[in-house]
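Report on the structure given below.
The values are calculated or read from the model by the stated rules, or taken from the named source; none is laboratory data. The shown structure was predicted, so the numbers you read here are calculated from the model rather than taken from an experiment. Cβ placement follows ideal geometry from the backbone for every residue including glycine, while neighbour counts extend to all protein chains displayed. Calculation scope for accessible area: heavy atoms of the full protein, side chains included, ligands and nucleic acids excluded. Shrake-Rupley method; radii C 1.70, N 1.55, O 1.52, S 1.80 Å.
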Amino acid sequence: MLALSRSLLVAGAALTLLFAAGCSSSETGNAVAADTTTTSSTSAAPSTTDDVSGQEGIDAGGSTDIDVEIGQCVLLGGTMTAATIENAECGSMESNYKVIAKAEQNEQCPTDVNQTYYETLDGVEQGALCLDVDWVVDGCMSVPTVGMDEPSRVDCSDPIATDVEQVTEIKTGTADPNECPEGGFAYEARQFVVCTTTIS
């Protein structure tokens, strides 16, 4: 009898913070980029990446054990070879990624997503989720610069949180971090930039 084994895997892409004013520095972590709509930071309701071009990708097939649709969010954790994933409400403290597309294999995701989650059965990839960070204007994310930790939503005034970036604006039609006063996270393939300010 042939034994079948299922693996839950994460393929990470580097999340790079680019600073404006002619100099750039990169910080890498196991994070995913997200598309969001340009909105004033003074708006009453926080803006998310719901209306950004490229956030409404396609379902190109494949299958994963988690029941999640494009546009919904998840909490991704664990390790590269033993990932954990749960459904989460977008913009909530539990959410760190938004599903922007589905694919049969993780290599079919857009090249600028921050993270992919995929499952294999006996070494054969069964399906993949293409993930962007669940950015929220005025919200804060801890984006680890070392190690393999995933980004996590934090309270902007948390005195013990580290590597904290507060989203100030999301600009579409450009991936140039020089368009942001203090730099940001650029998504070249889908042409948007998440402008941030470093809190800690």
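State which residue is farthest from residue 86 (Cα to Cα) when the search covers only segment 120-157 and only residues that are acidic (Asp, Glu) and modelled with pLDDT of 95 or more. Don't jump to the end; show me each part of the working.
At the first step, the residues of segment 120-157 found to be acidic (Asp, Glu) are 122, 125, 132, 134, 138, 149-150, 155.
Those left that are additionally modelled with pLDDT of 95 or more: 132, 134, 138, 155.
Numbers: 132: 15, 134: 14, 138: 24, 155: 21 Å.
This residue is 138.
Taking the condition open to solvent by less than 60 Å² (accessible area, probe 1.4 Å), polar (S, T, N, Q), in a strand (DSSP E or B) and touching a strand residue (DSSP E or B) at 6+ places or on another chain (Cβ under 7 Å), does residue 174 pass?
So residue 174 does not fit the description; no.
Which of the residues that make up segment 68-83 are part of a strand (DSSP E or B) and either farther than 19 Å from residue 102 by Cβ or at pLDDT 95 or above (or both)?
Once the filter is applied, which keeps residues that are part of a strand (DSSP E or B) and either farther than 19 Å from residue 102 by Cβ or at pLDDT 95 or above (or both), segment 68-83 yields 73, 74, 75, 76, 77, 78.
Which pairs have Cβ atoms under 7 Å, sit 6 or more apart or on different chains, and link a residue in segment 137-164 that is polar (S, T, N, Q) to one that is open to solvent by 40 Å² or more (accessible area, probe 1.4 Å) and not in a loop (DSSP other than H, G, I, E, B)?
Partner pairs satisfying both residue conditions: 142/152.
So, in segment 144-161, exactly how many residues are polar (S, T, N, Q) and either open to solvent by less than 20 Å² (accessible area, probe 1.4 Å) or within 19 Å of residue 194 (Cβ to Cβ) (or both)?
2
Please verify whether segment 179-186 includes one or more residues that are of a type in the set (D, E, K, R) and open to solvent by 40 Å² or more (accessible area, probe 1.4 Å).
yes
If you check 134, 122, 112, which single one turns out to be open to solvent by 60 Å² or more (accessible area, probe 1.4 Å) and in contact (Cβ under 8 Å) with a residue 60 or more places away in the chain? Spell out the reasoning first.
Numbers: 134 fails: open to solvent by 60 Å² or more (accessible area, probe 1.4 Å); 112 fails: open to solvent by 60 Å² or more (accessible area, probe 1.4 Å).
Matching residue, one of 134, 122, 112: 122.
Would you be able to say whether some residue in segment 32-47 is at pLDDT 65 or above and within 16 Å of residue 190 (Cα to Cα)?
The answer is no, given that none of the residues of segment 32-47 is at pLDDT 65 or above and within 16 Å of residue 190 (Cα to Cα).
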